[in-house]
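Student: Following this message is one structure expressed as structure tokens.
The values are calculated or read from the model by the stated rules, or taken from the named source; none is laboratory data. Everything numeric here is computed off the predicted structure, so don't read it as measured data. Using ideal geometry, Cβ is built from the backbone for each residue, glycine included, and neighbour counts are taken over all protein chains shown.
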Amino acid sequence: MFDAARAALLTVRAPVEAEQARTHSGLISAFGQHIVKARILPAELGKSLNRAHEVRLLADYSGDPIDILQAVERVRGANAFVLAITSLINDRQG
């Protein structure tokens, strides 16, 4: 999702600072500002990116287990996210 979000920002030529694009939180912020607030893609995709980031932080840093249903939901959200970004890229190229 991180790479897909970066691809979306590049596709719309968003003025993202290099430092902002290097971190997950910076990229998520830029995605919200330049993609969601600009109404290029639905807000639900920004929420999905945020939820995936929250789960990643839990898994990577807290050591707490992730519930299987939560994991399945994040994977579904990731699939929808990548499909939406792919569609955006295809629409802008063609």
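Student: Pick out the one residue from 14, 21, 7, 30 that is surrounded by 14 or more Cβ atoms within 10 Å (Cβ to Cβ), under 25 Å from residue 90 (Cα atoms), out of contact with any strand residue (DSSP E or B) (no Cβ under 6 Å at 6 or more places or on another chain) and in contact (Cβ under 8 Å) with a residue 40 or more places away in the chain.
Tutor: After applying the criteria, what remains is 7.
Student: Can you pull out every residue in the stretch 1-41 that is at pLDDT 95 or above, farther than 15 Å from residue 86 by Cβ and not in a helix (DSSP H, G or I)?
Tutor: Matches in the stretch 1-41: 37, 38, 39.
Student: Another question about this same structure. For the stretch 52-67, does any single residue satisfy the condition of being exposed (fewer than 15 other Cβ atoms within 10 Å of the Cβ), modelled with pLDDT of 90 or more and not charged (D, E, K, R)?
Tutor: Checked the stretch 52-67: no residue is exposed (fewer than 15 other Cβ atoms within 10 Å of the Cβ), modelled with pLDDT of 90 or more and not charged (D, E, K, R).
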